[in-house]
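Enquirer: Sharing a structure here in C-alpha cells format.
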Amino acid sequence: MNSSLLWKTVRPTGTPQGQVVLLHGWGANCEDLLGIVPPLDLPHLVFCSPDAPMPHPHAPMGRMWYDLESPQWTGLSQSRSQLLHWLTQLEQSTQVPLHKTVLVGFSQGAAMTLDVGLRLPVAGLVMLSGYLHPELVLDRPAPPPPVLVIHGSFDAVVPIAAAQDTQDFLQEITTYTYRELAMGHEINLEAIAAVRQFIATLLPLSQTIDPES
C-alpha cells in the first residue's frame, strides 16, 4: 500500500470558496465520481477525488479502500489513517480549510466518508448508497457535522436495511437528512440535485464578485 494517495482536482476559475472531496466505491477509481461535477454545477468550489490505496483484485484499473471479500475487511485501518492524514494536509494544496470541506462518498466510499468525516471538523458529509462500519467510534469532542444520506429503494448491492442502520446510528449523535429514491445502486439526477442543494447550503456562493472570475 502506497504511503500517499494519488488524486485529481477540478478547480474553479477564481479563488475557491470551499471544497468537495469525492470518495469512490469498491472497484472504481478517482475518475469515477468526477462525472458528477458538471451536473452539480457548483463552480465556486474545488473538487478533489483521490484513488483508494489498494488495487482491486478483479478490476484492472479499479481501487478499493479495503478488501470486502476478507473476513476482517483487510486494509480498513490503514486506509482510514492514510485518508485522515491526506485530508488534514489537503489545505496546503487547495488553500481551503477543513471547515469549508464537504465529503461525498459512494458505496464503500460512503462508508469511508462517515468513518473518517466524523473524526474531522468538516462542514458536512454525504453518503450515497453507503453503509455503516461496525464499531464506529467518535474520537473528537466537537459536534459532528451534518449528514445527508441517500439510498436507492431498489439497491441490490447495499440493501436498504443498511440505510436504516446508518440512521439509527446518526440520530444519536448529529443532525441528518435521509432521502430514499426510486433507484438502484447508482447516482441518478434526483440524487445529484439533492446533493447540490445540501452542499450549496453548507458552502454558499459569496456575494462578493471574485476579480479573477
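Enquirer: Restricted to segment 176-213, and to residues that are modelled with pLDDT of 95 or more and among the hydroxyl-bearing types (Ser, Thr, Tyr), which residue is most open to solvent (accessible area, probe 1.4 Å)? Before the answer, list the steps.
Expert: From segment 176-213, those modelled with pLDDT of 95 or more are 176-203; that's our starting set.
Applying the additional criterion that residues be among the hydroxyl-bearing types (Ser, Thr, Tyr) yields 176-178, 201.
Working: Tyr176: 70, Thr177: 68, Tyr178: 59, Thr201: 103 Å².
The extreme case among them is Thr201.
Enquirer: Assess whether Thr166 counts as being surrounded by fewer than 18 Cβ atoms within 10 Å (Cβ to Cβ), under 19 Å from the mean Cα position of the chain (by Cα) and without any contact (Cβ under 8 Å) to a residue 60 or more places away in the chain.
Expert: Working: surrounded by fewer than 18 Cβ atoms within 10 Å (Cβ to Cβ): no; under 19 Å from the mean Cα position of the chain (by Cα): yes; without any contact (Cβ under 8 Å) to a residue 60 or more places away in the chain: yes.
Taking the combined requirement at face value, the residue does not satisfy it.
Enquirer: What pairs come up if the first residue lies in segment 173-199 and is of a type outside the set (S, T, N, Q), the second is open to solvent by 70 Å² or more (accessible area, probe 1.4 Å), and their beta carbons are under 6 Å apart, counting only those six or more places apart or on different chains?
Expert: Leu181/Glu190; Gly184/Phe154; His185/Val157; Ala194/Arg179
Enquirer: So which pairs qualify, if the first residue must be in segment 123-146 and within 20 Å of Leu33 (Cα to Cα) and at pLDDT 95 or above, the second must be of a type in the set (Lys, Arg) and surrounded by fewer than 20 Cβ atoms within 10 Å (Cβ to Cβ), the Cβ gap must be under 7 Å, and the two must be at least 6 apart or on different chains?
Expert: Filtered contacts from segment 123-146: Ala123/Lys100.
Enquirer: If I ask for residues that are among the hydroxyl-bearing types (Ser, Thr, Tyr) and open to solvent by 30 Å² or more (accessible area, probe 1.4 Å), which ones from segment 38-86 would you list?
Expert: Let us first name the residues in segment 38-86 that are among the hydroxyl-bearing types (Ser, Thr, Tyr), namely 49, 66, 70, 74, 77, 79, 81.
Result: Thr74, Ser77, Ser81.
Enquirer: In segment 32-66, which residues are within 13 Å of the chain's Cα centre (by Cα), within 14 Å of Leu6 (Cβ to Cβ) and part of a strand (DSSP E or B)?
Expert: Cys48, Ser49, Pro50
Enquirer: Filtering segment 87-116 down to residues that are in contact with a Gly (Cβ under 8 Å, 6 or more places away or on another chain) and in a helix (DSSP H, G or I), which residue is surrounded by the fewest Cβ atoms within 10 Å (Cβ to Cβ)? Full working, then the answer.
Expert: Quick first cut of segment 87-116, residues in contact with a Gly (Cβ under 8 Å, 6 or more places away or on another chain) only: 96, 100-103, 105-114.
Checking the rest, the ones that are also in a helix (DSSP H, G or I) come to 100, 108-114.
Values: Lys100: 18, Gln108: 27, Gly109: 28, Ala110: 29, Ala111: 29, Met112: 25, Thr113: 26, Leu114: 25.
Result: Lys100.
Enquirer: Quick check: anything in segment 174-190 of a type outside the set (D, E, K, R), part of a helix (DSSP H, G or I) and within 22 Å of Ala28 (Cβ to Cβ)? Spell out the reasoning first.
Expert: First, the residues of segment 174-190 that are of a type outside the set (D, E, K, R): 174-178, 181-185, 187-189.
Now drop any that are not part of a helix (DSSP H, G or I), which leaves 189.
Going one step further and asking which of them are within 22 Å of Ala28 (Cβ to Cβ), we end up with 189.
Yes, that holds for at least one residue.
Enquirer: Can I ask one more? How many residues does segment 87-121 hold that are β-branched (Val, Ile, Thr), more than 13 Å from Pro144 (Cα to Cα) and within 12 Å of the chain's Cα centre (by Cα)?
Expert: Summing the residues that are β-branched (Val, Ile, Thr), more than 13 Å from Pro144 (Cα to Cα) and within 12 Å of the chain's Cα centre (by Cα) in segment 87-121 gives 2.
Enquirer: Something else: Which number in (1) of a type in the set (Phe, Trp, Tyr); (2) surrounded by fewer than 21 Cβ atoms within 10 Å (Cβ to Cβ); (3) touching a residue at least 40 places away in the same chain (Cβ under 8 Å) marks the one condition that Phe154 misses?
Expert: The single condition Phe154 does not satisfy is (3).
The values are calculated or read from the model by the stated rules, or taken from the named source; none is laboratory data. Everything numeric in this text was worked out from a predicted model, so none of it was measured. Counting neighbours? That spans all protein chains shown, and the Cβs are built from the backbone with ideal geometry, glycine included. These accessible areas exclude ligands, DNA and RNA; they are computed on the full protein's heavy atoms, side chains included. Shrake-Rupley method; radii C 1.70, N 1.55, O 1.52, S 1.80 Å.
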